[in-house]
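Working notes for the structure below.
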Amino acid sequence: MGGVNADGAGPGRGFAQGVRETNLTRELTMADAAFVVTTIALFALVALIAKGVAKL
């Protein structure tokens with residue numbers, strides 16, 4: 001006995017293959033990654049400044 005839509009027929013057949021990754025999607029992903037890296041770097045810089053001020 002096969003599962004639901006085991007023969008490959010049905011309304012959801014091939015949907016994942018039909019969605020292509022466009023250049024805009026890649027650009028937005030890179031922008032998100034750059035934002036995360038920048039945010040982490042900023043927090044690290046603030047932590048280093050706070051550590052230096054605490055030593056005064």
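May I ask you to compute the full-extension gain from I49 to F35, defined as 0.36 nm times their residue separation minus their alpha-carbon distance, rounded to one decimal in nm? Before the final figure, lay out each step's value.
Details: separation 14, 0.36 × 14 = 5.04 nm, distance 2.10 nm.
That pair, I49 and F35, stretches by 2.9 nm at full extension.
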In the full protein assembly as shown, how much of V36 is accessible to a 1.4 Å probe, in Å² to the nearest 10? 80 Å²
What are the ³J(HN,Hα) values, in whole Hz, obtained from phi via the Karplus relation 6.51 cos²θ - 1.76 cosθ + 1.60 with θ = phi - 60°, for each residue of the range 25-30 in sequence order, with x given for Gly and Pro? 4, 5, 5, 5, 5, 5
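The values are calculated or read from the model by the stated rules, or taken from the named source; none is laboratory data. Quick caveat, the model's predicted, so the values are computed rather than measured. Just the protein is used for accessible areas: all its heavy atoms, side chains included, with ligands, DNA and RNA removed. Shrake-Rupley method; radii C 1.70, N 1.55, O 1.52, S 1.80 Å.
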